[in-house]
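K.L.:
Handing you a structure now.
The values are calculated or read from the model by the stated rules, or taken from the named source; none is laboratory data. This is a predicted model, so every value here is computed, not measured. Please note: Cβ atoms are built from the backbone with ideal geometry, for glycine as well, and neighbour counts cover all protein chains shown. Note: accessible area is taken over every heavy atom of the protein model, side chains too, but ligands, DNA and RNA are not part of it. Shrake-Rupley method; radii C 1.70, N 1.55, O 1.52, S 1.80 Å.
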Amino acid sequence: MTDHLRLKLGDLYADDIVYTSRPSYISNPWLEPDEHQSNFLTGRELLIADMPVIVHEASVTDKLQILFNYVNQTIPNNIYTFKDKESYEQLLKQLTEQDEKRIYTQYVHGEDLIHRTRYAMNKQMFVDLNTKSRIPEWTEGKYLPKREVVDIEMLHHALEHWTLPLVLKPGDDLPTAGGYGVMICYNQSDLDEAVARIDNAKEATQTIIIEQCVEAKENYCVQYAVHPDKGIVYLGAAKQLTNAYGFYNGNTNAIHVPQAVIDAGFEIMKIGVDKGFIGVAGFDLLVDKEEDIYAIDLNFRQNGSTSMLLLDHLLTGKHHKFYSYVSKADRQTFFQAIEKYVRQGVLYPLSYYDGDYYKTRNVSSRFAGIWHANSLEQIEALEQAFLIEAGLK
């Protein structure tokens, strides 16, 4: 991120806007929104917000404040809390219908919950910019792997003209997260499994993208913000950590980013901004061994690693890693291990979803934070020790 500019989300939005990062309670076959995971997401941007945020009650308990105390932070007081589906939906209606607030969402909600006129930006444009089949429009036909967008009913026929390996992904505006909706197929078994999943999603998805499987040398998420005075600002980039099948394993800060990658992302951001986009966006750009750049996903919304980039000035050490963890058995052991490493000054807390909040149900606690140290090897050693102490390994 540029050294001279320290941004909070509140710098980018008007005073009447409230932020929610929670997907609606309506199911989506490509996101599989576990109730507690979705609630956990509501606390992730608290430290970079500086604007009203809708947060689940379990994400703002005394445990989060204990962790924040170690890094001289406090839970913001301009938050709206909810505890379940009914109170969440009631809150949205109250804010938009009675209090005349507008909502900045990570994921669009039904018209019955947020009227299209109550979004921070034009709802249809937000949907269009995040529709995967329309990526060629937002890159002006550049940075594209070989791809074909097909009607879901024609998928079997279209696949006859492709050879493995290939990638399948939903072509509409339904969000995917953590690589869950991206199906990398190396062999026939992978392909059969992916096609079966797609067949099960026919009710929700009309189009599927078949895409060349790029052999990436680097996988960047380059991020930008639209500042009301300074225009488009480059925030920095994170390297995506994924397994062979594209499943998300966190992000590290990208220290050396090719200028061509930054410029490509800037071009894409400008196209979105010219269409009316406001806020923060992150684009997944791959670089192959020929140094060619491929835009495989455009997230005209915040990304998991946005906090890591915006809090860069508070982190020590050259290398940073953003990730989140879910307790396995003993929640107290989990919390104590987090507390130890936060106190040690190597783990920066972002959010904590407190399973102890639920008195009658056994709910796992969740934590998101940023490791920061002088080398990736050091971070790896710290994280491995933490996993053992937290009862996760």
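K.L.:
Which of the residues spanning the stretch 102-152 are open to solvent by 50 Å² or more (accessible area, probe 1.4 Å), modelled with pLDDT of 95 or more, closer than 27 Å to residue 52 by Cα and not in a helix (DSSP H, G or I)?
P.N.:
102, 115, 122
K.L.:
Another one. Would you point out the residue of the stretch 68-77, among those that are loosely packed, with under 13 Cβ neighbours inside 10 Å and out of contact with any helix residue (DSSP H, G or I) (no Cβ under 8 Å at 6 or more places or on another chain), that is nearest to residue 50 (Cα to Cα)? Even if it seems obvious, please write down each step before you answer.
P.N.:
Here is the first cut: in the stretch 68-77, the residues loosely packed, with under 13 Cβ neighbours inside 10 Å are 72, 74, 77.
The next check asks that each one be out of contact with any helix residue (DSSP H, G or I) (no Cβ under 8 Å at 6 or more places or on another chain); those that pass are 72, 77.
Numbers: 72: 16, 77: 10 Å.
Per the criteria, the residue is 77.
K.L.:
Going by the conditions given, is residue 13 among the aromatic types (Phe, Trp, Tyr), part of a strand (DSSP E or B) and in contact (Cβ under 8 Å) with a residue 24 or more places away in the chain?
P.N.:
So residue 13 fails the test.
K.L.:
Which residues, taken from the stretch 210-269, are over 20 Å from residue 319 (Cα atoms), of a type in the set (Val, Ile, Thr), open to solvent by 20 Å² or more (accessible area, probe 1.4 Å) and in a strand (DSSP E or B)?
P.N.:
Passing the criteria: 226, 232.
K.L.:
Taking residue 140 and the conditions (1) under 22 Å from the mean Cα position of the chain (by Cα); (2) charged (D, E, K, R); (3) at positive phi, which numbered condition does it fall short on, given that it satisfies the others?
P.N.:
Unmet for residue 140, out of (1) under 22 Å from the mean Cα position of the chain (by Cα); (2) charged (D, E, K, R); (3) at positive phi: (1).
K.L.:
Can residue 172 be described as of a type in the set (Asp, Glu), surrounded by 18 or more Cβ atoms within 10 Å (Cβ to Cβ) and touching a Ser or Thr at 6+ places or on another chain (Cβ under 9 Å)?
P.N.:
yes
K.L.:
Let me ask something else about it. Given the conditions (1) out of contact with any helix residue (DSSP H, G or I) (no Cβ under 9 Å at 6 or more places or on another chain); (2) buried (at least 16 other Cβ atoms within 10 Å of the Cβ), and given that residue 158 satisfies all but one, which numbered condition is not satisfied?
P.N.:
(2)
K.L.:
Keeping to the stretch 199-209, report how many residues are without any contact (Cβ under 8 Å) to a residue 60 or more places away in the chain and open to solvent by less than 50 Å² (accessible area, probe 1.4 Å).
P.N.:
Residues meeting the conditions: 1.
K.L.:
Right, another one. I'm told residue 284 meets every condition in (1) open to solvent by less than 20 Å² (accessible area, probe 1.4 Å); (2) part of a helix (DSSP H, G or I); (3) among the acidic types (Asp, Glu) except one. Can you identify the failing condition by its number?
P.N.:
With (1) open to solvent by less than 20 Å² (accessible area, probe 1.4 Å); (2) part of a helix (DSSP H, G or I); (3) among the acidic types (Asp, Glu) applied to residue 284, the lone miss is (2).
K.L.:
Restricting the stretch 287-325 to residues that are in a strand (DSSP E or B) and closer than 24 Å to residue 120 by Cβ, which is modelled with the lowest pLDDT?
P.N.:
297
K.L.:
Do we find that residue 93 is surrounded by fewer than 17 Cβ atoms within 10 Å (Cβ to Cβ) and either within 27 Å of residue 352 (Cβ to Cβ) or of a type in the set (Lys, Arg) (or both) in this structure?
P.N.:
yes
K.L.:
I need the full set of residues from the stretch 170-197 which are modelled with pLDDT under 90 and either part of a helix (DSSP H, G or I) or touching a strand residue (DSSP E or B) at 6+ places or on another chain (Cβ under 9 Å) (or both), in order please.
P.N.:
Residues satisfying the conditions are 170, 171, 172, 175, 176, 177, 178, 179, 180, 181, 182, 197.
K.L.:
Collect the residues in the stretch 53-99 that are polar (S, T, N, Q) and farther than 23 Å from residue 347 by Cα, keeping them in residue-number order. Walk me through how you get there before you give the answer.
P.N.:
We begin by selecting, within the stretch 53-99, every residue polar (S, T, N, Q); these are 59, 61, 65, 69, 72-74, 77-78, 81, 87, 90, 94, 96, 98.
Those that are polar (S, T, N, Q) and farther than 23 Å from residue 347 by Cα: 77, 78, 81, 87, 90, 94, 96, 98.
K.L.:
OK, next. Looking only at the stretch 67-104, how many residues end up being under 26 Å from residue 340 (Cα atoms) and touching a Ser or Thr at 6+ places or on another chain (Cβ under 7 Å)?
P.N.:
Taking the stretch 67-104 first, the residues under 26 Å from residue 340 (Cα atoms) are 67-76.
Next, only the ones that are touching a Ser or Thr at 6+ places or on another chain (Cβ under 7 Å) stay: 68.
Count: 1.
K.L.:
Can you name every residue in the stretch 92-127 that is without any contact (Cβ under 8 Å) to a residue 60 or more places away in the chain and closer than 18 Å to residue 302 by Cβ?
P.N.:
114, 119, 123, 127
K.L.:
Taking the stretch 345-374 only, how many residues are open to solvent by less than 30 Å² (accessible area, probe 1.4 Å) and part of a loop (DSSP other than H, G, I, E, B)?
P.N.:
So the count comes out to 5.
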